[in-house]
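Below: the structure, in structure tokens.
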Amino acid sequence: MPRMLDVSDAVRAEIGDEEADRLLAGETAPGSYDCTSCRTPGDVEQERTSTVLFVGEETAVLAFAHATCLPSQVVKVTEEQLRGAVRSITADAAAQGGVPPQYAPAAQPVAQQPVPPQTAAPQPVPPQTAAPQPGARPPVPEQAVLGVTSGLVLISGELHPALVVEPTAPIVRPGTTGPGDEFLTLLVEQGFQPVSGLDAVPQVLHGWSVLLAAGQLHAVLMPGPGGGQPVAWWQAHQPLTVSDGWRTAAGKHQQVVVCAAPVGSIGRQPREDLLRAALDKAAAEGRLVAATLPLAGTGS
């Protein structure tokens with residue numbers, strides 16, 4: 001039976017025609033694997049399988065995924081992320097006799113936890129300060145960053161995976177200095193919708209997506225300039241390990257509800273019930289926008 005393996009043009013360009021042909025011939029691809037997205041077993045000879053190449057500054061790692069989870073693609077990550085994934089899979093393989101490290105980054109799921117705030121695409125508003133005294137050194141503007149928290153939200157009686165995005169300072173339009181906060185306005189211009197409550201799943205925002213790879217959250221992607229390749233709107237410095245329930249729900253729905261609110265609207269909530277209460281309060285106050293984003297590669 002021919003192997004049901006997909007090697008995209010982008011992956012082929014990175015690894016070369018010879019290595020791509022060896023993969024397709026079954027010389028270097030494993031028969032079975034752990035999907036780099038959902039972390040469940042797969043079989044190259046029994047189901048459509050995608051090759052996913054994780055590329056760092058100095059290292060590249062080839063992984064495999066169910067074609068229903070991810071398409072064959074090249075994923076840019078930091079060298080630190082990549083080396084950490086290789087260390088993790090090496091430990092797993094040594095303990096379980098599993099897939100060798102050149103094939104799949106691994107991650108062990110843990111309970112829901114917030115991501116440390118990361119640098120964001122929107123430009124920050126410098127904090128408001130008093131006018132400097134003559135001869136005084138001007139204050140250094142504070143860099144606004146995005147905090148991202150994962151959690152499950154109950155919508156119409158069903159649990160959905162969600163990401164909540166809140167900056168640490170007001171954000172203004174690129175090229176301006178404020179005052180004001182246009183974070184929600186900028187997102188509405190990109191297709192996010194103001195919501196007064198989470199009683200229905202928000203509309204799907206095509207062109208945007210959530211990159212979940214090796215069982216971890218890597219980035220929120222937005223359309224590239226001129227309709228080119230997607231670019232990271234938010235990217236984790238260190239991938240966020242999501243809970244079993246979150247990953248299961250994401251695999252079931254193949255999409256993630258993304259909610260965003262201005263600084264000071266949500267805060268860091270230790271439990272999902274408190275997170276939901278903060279979301280409902282922000283929505284009732286007109287301070288919440290939302291959209292449903294496909295998992296990377298599962299939507300247009």
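For the stretch 26-55, give me each residue that is among the small types (Gly, Ala, Ser), buried (at least 20 other Cβ atoms within 10 Å of the Cβ) and not in a loop (DSSP other than H, G, I, E, B).
Residues of the stretch 26-55 among the small types (Gly, Ala, Ser): 26, 29, 31-32, 37, 42, 50.
When the remaining residues are screened for being buried (at least 20 other Cβ atoms within 10 Å of the Cβ), the result is 29, 37, 42, 50.
The answer is Gly42, Ser50.
For the criterion of being touching a Leu at 6+ places or on another chain (Cβ under 9 Å) and either modelled with pLDDT of 85 or more or not assigned by TED's automatic domain parsing to the domain that holds Asp181 (or both), Leu275 fails.
Name the single residue that is farthest from the chain's Cα centre (by Cα) among those in the stretch 252-300 being of a type in the set (D, E, K, R) and part of a loop (DSSP other than H, G, I, E, B). Break it down stepwise before answering.
As a first pass, look at the stretch 252-300 and keep what is of a type in the set (D, E, K, R): 252, 268, 271-273, 276, 280-281, 285, 287.
Right, trim to part of a loop (DSSP other than H, G, I, E, B) and you get 268, 271, 285, 287.
Numbers: Arg268: 19, Arg271: 21, Glu285: 27, Arg287: 23 Å.
Per the stated criteria, the residue is Glu285.
Residues of the stretch 197-213 include none that is in a loop (DSSP other than H, G, I, E, B), of a type in the set (Ser, Thr, Tyr) and under 16 Å from Ser37 (Cβ atoms). Annotation: of all residues in the stretch 170-196 being hydrophobic (A, V, I, L, M, F, W, C) and not in a loop (DSSP other than H, G, I, E, B), the one that is farthest from the chain's Cα centre (by Cα) is Val172.
State which residue is nearest to Gly42 (Cα to Cα) when the search covers only the stretch 214-251 and only residues that are part of a strand (DSSP E or B) and touching a Phe, Trp or Tyr at 6+ places or on another chain (Cβ under 8 Å). Break it down stepwise before answering.
Pass one, the stretch 214-251, residues part of a strand (DSSP E or B): 216-222, 231-241.
Still in the list and also touching a Phe, Trp or Tyr at 6+ places or on another chain (Cβ under 8 Å): 219-222, 233.
Working: Ala219: 24, Val220: 26, Leu221: 26, Met222: 29, Trp233: 31 Å.
Among residues in the stretch 214-251 that are part of a strand (DSSP E or B) and touching a Phe, Trp or Tyr at 6+ places or on another chain (Cβ under 8 Å), the one nearest to Gly42 (Cα to Cα) is Ala219.
Of note, Cys69 satisfies the criterion of being surrounded by 19 or more Cβ atoms within 10 Å (Cβ to Cβ) and modelled with pLDDT of 70 or more. Only residues that are out of contact with any Pro (no Cβ under 9 Å at 6 or more places or on another chain) and either buried (at least 21 other Cβ atoms within 10 Å of the Cβ) or acidic (Asp, Glu) (or both) were counted across the stretch 279-294, and they come to 4.
Is one or more of the residues making up the stretch 152-164 farther than 22 Å from Gln238 by Cβ, at pLDDT 65 or above, among the charged types (D, E, K, R) and exposed (fewer than 13 other Cβ atoms within 10 Å of the Cβ)? Checking the stretch 152-164: at least one residue is farther than 22 Å from Gln238 by Cβ, at pLDDT 65 or above, among the charged types (D, E, K, R) and exposed (fewer than 13 other Cβ atoms within 10 Å of the Cβ).
Would you confirm whether any residue within the stretch 139-149 is among the polar types (S, T, N, Q) and modelled with pLDDT of 80 or more? Yes, the stretch 139-149 has at least one match.
The values are calculated or read from the model by the stated rules, or taken from the named source; none is laboratory data. Remember, it's a predicted structure, so these values are computed and weren't measured experimentally. Please note: Cβ atoms are built from the backbone with ideal geometry, for glycine as well, and neighbour counts cover all protein chains shown.
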